[in-house]
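The values are calculated or read from the model by the stated rules, or taken from the named source; none is laboratory data. Everything numeric here is computed off the predicted structure, so don't read it as measured data. Note: ideal-geometry Cβ built from the backbone for every residue, glycine included; neighbour counts use all protein chains shown.
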Amino acid sequence: MPYSATPRLGFVGAGRLARCVARAWSRAGYPVAAIASRSPGPARELAGQLPGCRVVDDPQQVAACSDIVFLTVPDDKIGAAANALQIDLSKSGARAVVHCSGATPVDVLAPVRAQGGDIGGFHPLYLFGGVDGDLARIQGCSVTIEAAGPLSETLTALARALGCHPLSIPPGGRMLYHAAAHYAASFALAALSETVSLWQQLGFSEDDALRAVLPMLAGTIETAREKGLAGALAGPVSRGDAGIVEKQLTLLDSLGGDHATLYALMTRRAIGLARRRPVPPSASALAAMERSIENVLGARDGSGIPGPGQQGGE
Ligand SMILES: NC(=O)c1ccc[n+]([C@@H]2O[C@H](COP(=O)([O-])OP(=O)(O)OC[C@H]3O[C@@H](n4cnc5c(N)ncnc54)[C@H](OP(=O)(O)O)[C@@H]3O)[C@@H](O)[C@H]2O)c1
């Protein structure tokens, strides 16, 4: 049986993600019926911005007055929260429970399915800061949906109501999907922290470094949007400047730690992109870069990972 066009939504957890999606869905005409959270303060604050929304103490009370319950708690709390919910399809309460984690299998909601409820995963590919700006910034992002039948259709509509693109993921694919997504979020920050830490050796403050590098990153993103990853590639690898790559590897190696290892692994990925360019650099230049990379990685333990005491940077 299909869900109502505007099902009643409930939330367990009033954190960064819930603050954005509950408000966006309420504005889009979806009734947010109830919120329960560990601390009452954030739940009250969020409910105060949602017409008709109640704050309740017990997640079961959320299930009693919603059609779909979103478990927006930390990942390691999802299983226990799902386990504690009772689904009674003969009553007017929840018929679906959904979590928003990218990495947690949807099967963690199996206790709900065992009671006849629908289960699903709804993972917005966005880094929520818990700020008002999230509501505008989430538009244009993608939401990865893992669900079947009518719930899948409803979650797809909910993704569109956020201004997002729905993206379907096969069962069991979440761990790989989420591991890979780090490169566009926390690992992008980790890469920037390497820039900042190396530039600090030249006397740049973190503020100066970020002021300089963030517009460059924004420009790179725009160019990638226009020309694709291989087309947007710039820097010595794209030009076949093997001499520069070798000198930079040698310099970073001399700093100790794992600076050269990180540079070598990223350069290896950049060489892969360079090969896909309409006019790739010469094969001999790319081969020379690969030899320089091997010189660094081979000097480690064979895995490219520095040994004990060789961890770098900050
Ligand atoms: N943040 C992101 O960028 C992002 C992006 C995509 C997906 N997600 C997913 O969204 C989910 C929520 O993440 P978040 O970043 O919004 O987390 P968060 O900001 O840490 O918020 C978690 C909320 O859950 C509450 N909570 C914790 N344990 C609870 C329990 N046992 N019962 C009821 N409420 C409980 C917390 O209460 P307190 O106020 O007392 O701590 C808090 O309100 C996670 O599955 C996460 O993987 C997050």
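Only a single item in (1) assigned to a helix (DSSP H, G or I); (2) over 17 Å from residue 297 (Cα atoms) is not met by residue 268, and it is number (2).
Taken over the stretch 133-155, the residue count meeting the criterion of being assigned to a helix (DSSP H, G or I), surrounded by fewer than 20 Cβ atoms within 10 Å (Cβ to Cβ), within 15 Å of the ligand (Cβ to nearest atom) and touching a residue at least 12 places away in the same chain (Cβ under 8 Å) is 1. Restricting attention to the stretch 157-204, the residues that are touching a Phe, Trp or Tyr at 6+ places or on another chain (Cβ under 9 Å) and outside any helix (DSSP H, G or I) add up to 4. Any chance the stretch 66-85 includes a residue that's surrounded by fewer than 20 Cβ atoms within 10 Å (Cβ to Cβ), away from the ligand (no atom under 16 Å from the Cβ) and either of a type in the set (S, T, N, Q) or assigned by TED's automatic domain parsing to the domain that holds residue 160 (or both)? No, the stretch 66-85 contains no residue that is surrounded by fewer than 20 Cβ atoms within 10 Å (Cβ to Cβ), away from the ligand (no atom under 16 Å from the Cβ) and either of a type in the set (S, T, N, Q) or assigned by TED's automatic domain parsing to the domain that holds residue 160 (or both). Applying the criterion of being within 9 Å of the ligand (Cβ to nearest atom) and either among the hydroxyl-bearing types (Ser, Thr, Tyr) or not assigned by TED's automatic domain parsing to the domain that holds residue 150 (or both) to the residues of the stretch 13-40, the residue that is nearest to residue 125 (Cα to Cα) is 37.
Does residue 185 satisfy being surrounded by fewer than 13 Cβ atoms within 10 Å (Cβ to Cβ) and within 16 Å of the ligand (Cβ to nearest atom)? Against the criterion (surrounded by fewer than 13 Cβ atoms within 10 Å (Cβ to Cβ) and within 16 Å of the ligand (Cβ to nearest atom)), residue 185 does not qualify.
Put simply, of 8, 16 the only residue that is of a type in the set (Lys, Arg) and touching a strand residue (DSSP E or B) at 6+ places or on another chain (Cβ under 7 Å) is 8. Within the stretch 72-111, being under 18 Å from residue 62 (Cα atoms), within 26 Å of the chain's Cα centre (by Cα) and in a loop (DSSP other than H, G, I, E, B) holds for 72, 73, 74, 100. Scanning the stretch 32-54 for residues that are touching a helix residue (DSSP H, G or I) at 6+ places or on another chain (Cβ under 7 Å), among the hydrophobic types (A, V, I, L, M, F, W, C) and over 24 Å from residue 3 (Cα atoms) gives a single hit, 46.
Scanning the stretch 70-123 for residues being touching a helix residue (DSSP H, G or I) at 6+ places or on another chain (Cβ under 6 Å), over 15 Å from residue 172 (Cβ atoms) and among the hydroxyl-bearing types (Ser, Thr, Tyr) gives a total of 1. Of all residues in the stretch 112-132, those being part of a loop (DSSP other than H, G, I, E, B) and farther than 16 Å from residue 83 by Cβ number 8.
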